[in-house]
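J.: Sharing a structure with you now.
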Amino acid sequence: MHGFQMRRGNKPGFLLQVVRERISILFQLAEKELKTHPDRARRYISLARKLGMKYNVRFPRRLKRRFCKKCGILWIPGYNLKVRLNSRRKVMEYRCECGVVRGFPLHPRIQKEIVG
């Protein structure tokens, strides 16, 4: 086979590390290509998501909040993303150019400053 034994569902640690590095590289490439070739940037994000699903690797929070799950575009505030603060719901709302609105909870310290 591949020189190492793998049971179904178990992946060796070095393979998962390679996948994490590849996902990070794909996000960097998407960031470089976004303004000149948005379709290529979408493809890079799509490949990163497929890698994550295939090898069951979670994206770090900083990467999860950087793309739209519907249209697959990398978000850049002010360019293709509107960021709004909804103090009633205590969330930060991200509005993508495709129309999707995602809310992310605010840190408790920020909630106190805004609400109370």
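J.: Jot down the radius of gyration and Dmax of the range 1-63, Cα atoms only, both in angstrom.
T.: Spelled out, the Cα radius of gyration and Dmax of the range 1-63 are 13.8, 44 Å.
J.: How much mean residue ellipticity at 222 nm does the chain get from its helices, if each DSSP H run of length 4 or more adds -39500 (n - 2.57) and you divide by all residues, to the nearest 500 deg cm²/dmol?
T.: Counting only the DSSP helices, I get -13500 deg cm²/dmol.
J.: How high is the FRET efficiency between Thr36 and Arg58 when r is their beta carbon distance and R₀ equals 25 Å, given to the nearest 0.05? Show your work: numbers first, answer last.
T.: On the way: r = 30 Å, r/R0 = 1.20.
E between Thr36 and Arg58, to the nearest 0.05, is 0.25.
J.: Greater than 24 Å separation of Cα atoms is the criterion. Which listed pairs, Lys50/Lys70; Lys35/Lys70; Lys32/Lys90, meet it? Each step should come with its number before you reach the end.
T.: Working: Lys50/Lys70 14 Å; Lys35/Lys70 19 Å; Lys32/Lys90 33 Å.
As for pairs spanning more than 24 Å Cα to Cα, those are Lys32/Lys90.
J.: Hey, what do the phi angles of the range 24-32 turn into as Karplus ³J(HN,Hα) couplings, whole Hz, using 6.51/-1.76/1.60 and θ = phi - 60°, x for Gly and Pro?
T.: Residue by residue, the range 24-32 yields 4, 5, 4, 5, 5, 5, 4, 5, 5 Hz.
J.: Separate question: Once the mean 1/r over all distinct Cα pairs of the range 75-116 is inverted, what Kirkwood radius in angstroms do you read off?
T.: Details: mean 1/r = 0.0926 Å⁻¹.
So the Kirkwood estimate lands at 10.8 Å.
J.: Counting every Cα pair in the chain, what percent are over 22 Å apart?
T.: Of the Cα pairs, 47 percent sit more than 22 Å apart.
J.: Name the residues whose placed amide hydrogens come within less than 5 Å of the amide hydrogen of Trp75, ignoring near sequence neighbours (fewer than 5 apart) on the same chain.
T.: For Trp75, whose amide H was placed from the backbone, the distant partners under 5 Å are Phe67, Cys68.
J.: Taking 0.36 nm per residue of separation and subtracting the Cα-Cα distance, what length does fully extending Gln28 through Ser87 add? Mind showing how you got there, number by number?
T.: Numbers: separation 59, 0.36 × 59 = 21.24 nm, distance 3.24 nm.
Difference between extended and current length: 18.0 nm.
Just so you know, all these numbers are worked out from the coordinates, no wet-lab data involved. None of these values were measured; they are calculated from a predicted model. Backbone-built Cβ (ideal geometry, glycine too); neighbour counts: all protein chains shown.
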